[in-house]
């Protein structure tokens, strides 16, 4: 436990006293892939910092439509968790471990105490919060006003492995860009006709990554 602070650069620069408090009260957790860490209607009981792995945070509508809001990677915290802890609100989305995850859980009481007493800790929390909120507003703008083909092209380039393969169903891709599966299916069929991708069952291959990158950069 004495080394986990060094995995988060902004925390490793904190004062020794605050670092000691975090090490004393922070519990290191290991979670397998596929665990629902938070779900709608429940109050978070801890402030989580991811050390290794990836956590997907998504919103699910009443009719079952999903949209991925963001992912929490190593060295990051969950913005919605932070907002709920500060406002004493219920979680309004769900957070799922996409990979095996190692994280530090700081109990709510300790989080509240440090937020009240330590300007260093407040600065760390709000800096991370501010950066993520900016990204969320960008997502809202893209979903509300952006072209679907541009958003999908950008997402495919982002998700593709080094071999150009995206291992996802069309339903999962629809959640990534915040639309219906049928819309993604039509757009991917168009991409295939244009020679940009090659579709398979539960996966696709980028045939022309450069063209997709150019399309994804379009305003």
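Observations, loosely collected:
- Three-way shape label, region 147-216, alpha-carbon gyration tensor, a/c 1.5: rounded
- Given R0 = 35 Å, the distance between the Cβ atoms of residue 122 and residue 143 translates into a calculated FRET efficiency of 0.65.
- Seen from every direction in turn and averaged, the convex hull around the alpha carbons of region 32-162 projects onto 9.1 nm².
- Mean separation of Cα contacts under 8 Å, 6 or more apart, over the residue count of the chain: relative contact order %: 20 percent
- Tail weight of P(r) past 29 Å, computed on alpha-carbon pairs of the chain, percent: 35 percent
- Cα gyration tensor, region 62-107 - rounded (a/c under 1.5), prolate or oblate: oblate
- Choice from 176, 98, 20 with maximal GNM fluctuation in the chain (Cα, 10 Å cutoff): 20
- Note on the chain: with a GNM built from Cα contacts shorter than 10 Å, the maximum mean-square fluctuation among 154, 181, 138 falls on 138.
- Global geometry of region 96-143, whether rounded, prolate or oblate, following the gyration tensor of its Cα atoms and the 1.5 cut on a/c: oblate
- Ranking of 23, 155, 43 by count of other Cβ atoms within 10 Å, fewest first: 43, 23, 155
- Ranking of 134, 99 by count of other Cβ atoms within 10 Å, fewest first: 134, 99
- Hydrodynamic radius of region 36-113 per Kirkwood, over alpha carbon pairs, in Å: 12.6 Å
Bear in mind that the values in this text are calculations on the coordinates, not laboratory data. Predicted model, so just to flag it, every value in this text is computed and none were measured. Positions of Cβ are generated from backbone atoms using ideal geometry, with glycine treated the same way; all protein chains shown enter the neighbour counts.
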